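Notes follow the structure.
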Amino acid sequence: MYENLNISPDANDPPEHQAALRALLRAVQPDLQAVVDGFITRFYDELLRQPRFSRVLGLLSEREFAQLRKNQERHLRSLFERRNEASVRVARHVGQVHALIGIEASWLVESYGLYTRLLITHFADWVDPSERTALLSYFITRLQDELQWQIGGHEDIGRQLDGALARIDAAILTAHTLSDLLRSV
């Protein structure tokens, strides 16, 4: 899937973050697909060991699970690209999807914690120790941003649901007949 990854410089990232990312890419580029596959496999293996995540992931068909893995690969690749409106929109959309399928915000936080820990352990040894702190700082900052964007999308759905319930309550309270109620809703 990945022949090459390139860093898209972001003016918000300190130069030491950019240098650490470049060092990481130089190190993993020769065996990039295996490195990515290894990370994604480990992430889902860890999630599947936890009963509540396993129950949700177990509802997916083989095809859906394969698509989810591809989406995770795309997400991993996006970590090397600059933050922009598209990355915010995608993260908010993912947060909305998680809310719509019943994933609680606390689950997002927990899975992001796992993702961060695995990302750090998976990639830290690929760079020189002198660049490790900058790399870890970059990943933590970037993943915190993405988690905030996802939580924002998750909360959007909560607000929409609250609004819909308020409209239904108002319709029930003001309806004089069943026909009035059905027209209101």
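Tabulated data
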read-out: Per-region count, the range 47-63, residues loosely packed, with under 11 Cβ neighbours inside 10 Å and part of a helix (DSSP H, G or I); value: 4
read-out: Number of positions in the range 75-115 that are surrounded by 14 or more Cβ atoms within 10 Å (Cβ to Cβ) and of a type in the set (S, T, N, Q); value: 4
read-out: Residue in the range 161-169 that is on the phi < 0 side of the Ramachandran plot, part of a helix (DSSP H, G or I) and surrounded by 15 or more Cβ atoms within 10 Å (Cβ to Cβ) present; value: no
read-out: Subset of the range 103-115 (residues that are part of a loop (DSSP other than H, G, I, E, B) and of a type outside the set (A, V, I, L, M, F, W, C)); value: Glu104
read-out: Of all residues making up the range 122-151, the number that are within 18 Å of His75 (Cα to Cα) and not hydroxyl-bearing (Ser, Thr, Tyr); value: 16
read-out: Of all residues in the range 78-102 being in a helix (DSSP H, G or I), touching a residue at least 24 places away in the same chain (Cβ under 8 Å) and more than 12 Å from the chain's Cα centre (by Cα), the one that is farthest from Leu25 (Cα to Cα); value: Leu100
read-out: Residue that is farthest from Trp149 (Cα to Cα), among those in the range 103-123 that are among the β-branched types (Val, Ile, Thr) and touching a residue at least 12 places away in the same chain (Cβ under 8 Å); value: Ile120
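Each row is one residue, and each column tells you yes or no for (1) under 13 Å from the mean Cα position of the chain (by Cα); (2) in contact (Cβ under 8 Å) with a residue 24 or more places away in the chain; (3) closer than 30 Å to Ser184 by Cα.
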position: Asp125; (1), (2), (3): no, no, no
position: Glu131; (1), (2), (3): no, yes, no
position: Ala134; (1), (2), (3): no, yes, no
position: Ser137; (1), (2), (3): no, yes, no
position: Trp149; (1), (2), (3): yes, yes, no
position: Asp156; (1), (2), (3): no, yes, yes
position: Gln160; (1), (2), (3): no, no, yes
position: Leu165; (1), (2), (3): no, no, yes
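Throughout, read-outs are computed from the coordinates displayed, never taken from laboratory work. What you are looking at is a predicted structure, and each value in this text was computed from that prediction instead of being measured. Positions of Cβ are generated from backbone atoms using ideal geometry, with glycine treated the same way; all protein chains shown enter the neighbour counts.
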